[in-house]
There are 2 protein chains.
Amino acid sequence: MRALTINTIEGLPDIREGDNLVELIIEKLTAQRQVLCEGDVLVIAQKIISKAEGAVCHVDDITPTEEAIDVAEKVNKDPRKVTVILSESTRLVKVHKHPAANEGIIITEHRLGHISANAAVDESNTDNPGELILLPKDPDTSARIIAESLCKYYGAPEHSIGVVISDTFGRPWRLGQTNVAIGVANVPALNPLYGECDAWGRPLKVTAPALADELAAASGLLMSKQGKCPVILFKGLEWESNPDSKASDLLRPTQEDLFA
Amino acid sequence: MRALTINTIEGLPDIREGDNLVELIIEKLTAQRQVLCEGDVLVIAQKIISKAEGAVCHVDDITPTEEAIDVAEKVNKDPRKVTVILSESTRLVKVHKHPAANEGIIITEHRLGHISANAAVDESNTDNPGELILLPKDPDTSARIIAESLCKYYGAPEHSIGVVISDTFGRPWRLGQTNVAIGVANVPALNPLYGECDAWGRPLKVTAPALADELAAASGLLMSKQGKCPVILFKGLEWESNPDSKASDLLRPTQEDLFA
């Protein structure tokens, strides 16, 4: 029997720019009598990484662009917010508003490559109305710095603790949201089984579990928005460290995008 | 600290038509000294439900239809397999083959409403080449029968044990696969937070975690294809039973499908 335990890390304060997340995580782990070791994985909500790194802006400081005013009118959104969404994006995928809906939807390709609603710009969970939380500048690097600091503090072998930075995305054909990985360190983003065989010896040609997305989605089982549990600890997972792993390994190349 | 444990149920035999899955699951749980109780959730791979229910067919028994021959030519697939894919589907969403690829892709809306590649028709993990495994006829009912039998056997309150039937789907914009829910019993498919507030008192208008899909994705962390672990047990999850829950709660209505 293989067993995996997932638990919350309780008591983290509201994160402010400049906070040392690693110190705070270690403090709270210690308070709940836990230590990290080789093979452990932390999933961390993007929001606290962005807040600690100051990846936030305020609508009052934004001067709307012409393009944003045009798009904002189509979807009935604040043109200042749309300006931020477009400045975070490299491509507009779809702008759509149903006549019955109050606000429409803007789907874009984020500069990090993720296709999502509103370029992952978030206005919930901020104690400051009008504040917009953006994705971290370089989530893979953020994850790597945290993973390395944790390995060092706990005396674990280099690259042996995994970190996934998650955000909450919708899906084109399914209702409800799940968490996905937007930054990874050490954990393989994809766990390729190419060339391996299934239980009956038949080659598994196209199966590559999206390991980092599975971890992110699993973290959602405990990371409720109300509960303020932005860091989730996984113990017992079997995985092979890949220090070159990156969240963009999970991105489908545009030429494979059937809806581009 | 909230904690969740996930473990495999080991030693299930290859499933054949007519096998009693509930009896087999109870036998293996007992062998690993586990009992189920209120709040436990099992995620079960679709494949063993389909096999037990006989939702399989063999390409040698299929006479290709005209439409299937036409589609098969476009994507370089066996027209007999395409016949089965189309007969499982209510709508062709996309047929596409890149010149460089050997086989193309057929995305359809399955009669159960799920949009996926090849109508979820699967030819891997069969000990019988040419055998195609279809989705179960009515996965919500399959899940409900299993959940009710388990509640009864373990003396748990009615509707207090959850069952999710999972399948492995690709995603339009992300590489790699994750498990999603195609059948549910008791566990809410969506865990709506509508009307509730976030940690800062701001209403959470659009957040509805796809709980059954989160459970399915999390099961993928232990349900490796090679490992033959088609049943995964979750203990410690907080959830409110909804006997009316169904997998189609996770389906985005066609009028909200921006790519229809």
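The values are calculated or read from the model by the stated rules, or taken from the named source; none is laboratory data. Note that the structure is predicted; figures quoted are calculated from it, not measured. Note: ideal-geometry Cβ built from the backbone for every residue, glycine included; neighbour counts use all protein chains shown. We work out accessible area using only protein heavy atoms, side chains counted, and drop any ligands, DNA or RNA first. Shrake-Rupley method; radii C 1.70, N 1.55, O 1.52, S 1.80 Å.
Checking the structure you have, find out if any residue of segment A:90-103 is closer than 19 Å to residue A:123 by Cβ and at pLDDT 95 or above. Give the steps one after another, and end with the answer.
Just the residues of segment A:90-103 that are closer than 19 Å to residue A:123 by Cβ, to begin with: A:95, A:97, A:101-103.
Filter once more, so that each one left must be at pLDDT 95 or above: none.
Checked against the condition, which is being closer than 19 Å to residue A:123 by Cβ and at pLDDT 95 or above, segment A:90-103 yields no hits at all.
Taken together, A:85, A:106, A:133 contain a single residue that is buried (at least 19 other Cβ atoms within 10 Å of the Cβ), in contact (Cβ under 8 Å) with a residue 40 or more places away in the chain and among the β-branched types (Val, Ile, Thr), which is A:133. Within the option set B:55, B:68, B:45, being farther than 24 Å from residue B:151 by Cβ, in contact (Cβ under 8 Å) with a residue 60 or more places away in the chain and open to solvent by less than 50 Å² (accessible area, probe 1.4 Å) holds for one residue only, B:55.
Each residue in segment A:142-160 was checked for being among the hydroxyl-bearing types (Ser, Thr, Tyr) and either under 11 Å from residue A:184 (Cα atoms) or in contact with a strand residue (DSSP E or B) (Cβ under 6 Å, 6 or more places away or on another chain) (or both), and 1 pass.
Would you call residue A:210 farther than 30 Å from residue A:83 by Cα, facing chain B (nearest Cβ under 8 Å), touching a Ser or Thr at 6+ places or on another chain (Cβ under 6 Å) and modelled with pLDDT of 95 or more?
Values: farther than 30 Å from residue A:83 by Cα: yes; facing chain B (nearest Cβ under 8 Å): yes; touching a Ser or Thr at 6+ places or on another chain (Cβ under 6 Å): yes; modelled with pLDDT of 95 or more: yes.
When the stated conditions are applied, residue A:210 passes them.
Restricting to segment A:239-260, and then to whatever is more than 8 Å from chain B (Cβ to nearest Cβ) and outside any loop (DSSP other than H, G, I, E, B), can you tell me which residue is least open to solvent (accessible area, probe 1.4 Å)? If we take residues in segment A:239-260 being more than 8 Å from chain B (Cβ to nearest Cβ) and outside any loop (DSSP other than H, G, I, E, B), then A:247 is least open to solvent (accessible area, probe 1.4 Å). All conditions in (1) more than 20 Å from residue B:182 (Cβ to Cβ); (2) part of a strand (DSSP E or B) hold for residue B:156, with the sole exception of (2). Here segment A:93-114 is the region considered, the condition is being outside any loop (DSSP other than H, G, I, E, B) and in contact with an Asp or Glu (Cβ under 8 Å, 6 or more places away or on another chain), and the residue that is nearest to the other protein chains (Cβ to nearest Cβ) is A:93. All conditions in (1) surrounded by fewer than 22 Cβ atoms within 10 Å (Cβ to Cβ); (2) modelled with pLDDT of 95 or more; (3) under 30 Å from residue A:238 (Cα atoms) hold for residue B:221, with the sole exception of (1).
Would you mind stating whether residue A:149 is assigned to a loop (DSSP other than H, G, I, E, B), closer than 27 Å to residue B:2 by Cβ and either within 12 Å of chain B (Cβ to nearest Cβ) or at pLDDT 95 or above (or both)?
When the stated conditions are applied, residue A:149 does not pass them.
Determine whether segment A:44-67 contains at least one residue that is small (Gly, Ala, Ser) and part of a helix (DSSP H, G or I). Yes, that holds for at least one residue. The single condition among (1) of a type in the set (A, V, I, L, M); (2) touching a residue at least 40 places away in the same chain (Cβ under 8 Å); (3) buried (at least 21 other Cβ atoms within 10 Å of the Cβ) that residue B:119 does not meet is (2).
Only one of B:24, B:92 is under 21 Å from the mean Cα position of the chain (by Cα), within 30 Å of residue B:154 (Cβ to Cβ) and open to solvent by 20 Å² or more (accessible area, probe 1.4 Å). Can you tell me which? I'd like the intermediate steps shown before the answer.
Details: B:92 fails: within 30 Å of residue B:154 (Cβ to Cβ).
That would be B:24, the only listed residue that is under 21 Å from the mean Cα position of the chain (by Cα), within 30 Å of residue B:154 (Cβ to Cβ) and open to solvent by 20 Å² or more (accessible area, probe 1.4 Å).
Within segment B:21-39, residues that are on the phi < 0 side of the Ramachandran plot and assigned to a loop (DSSP other than H, G, I, E, B) have Cβ atoms under 7 Å from residues that are surrounded by fewer than 17 Cβ atoms within 10 Å (Cβ to Cβ) and of a type in the set (Ser, Thr, Tyr) in these pairs: B:35/B:154; B:36/B:154; B:37/B:154, counting only partners at least 6 apart in sequence or on another chain.
Kindly indicate which of A:4, A:12 is part of a loop (DSSP other than H, G, I, E, B), buried (at least 18 other Cβ atoms within 10 Å of the Cβ), in contact (Cβ under 8 Å) with a residue 60 or more places away in the chain and within 14 Å of another protein chain (Cβ to nearest Cβ). Steps first, please.
Numbers: A:4 fails: part of a loop (DSSP other than H, G, I, E, B).
Result: A:12 is the single residue among A:4, A:12 that is part of a loop (DSSP other than H, G, I, E, B), buried (at least 18 other Cβ atoms within 10 Å of the Cβ), in contact (Cβ under 8 Å) with a residue 60 or more places away in the chain and within 14 Å of another protein chain (Cβ to nearest Cβ).
Scanning segment B:115-146 for residues that are small (Gly, Ala, Ser) and part of a loop (DSSP other than H, G, I, E, B) yields B:124, B:130. Restricted to segment B:15-54, and to residues there that are small (Gly, Ala, Ser) and within 12 Å of chain A (Cβ to nearest Cβ), the residue that is farthest from residue B:167 (Cα to Cα) is B:31. Taken together, B:170, B:236 contain a single residue that is open to solvent by 10 Å² or more (accessible area, probe 1.4 Å), modelled with pLDDT of 90 or more, within 22 Å of residue B:124 (Cα to Cα) and not aliphatic (A, V, I, L, M), which is B:170.
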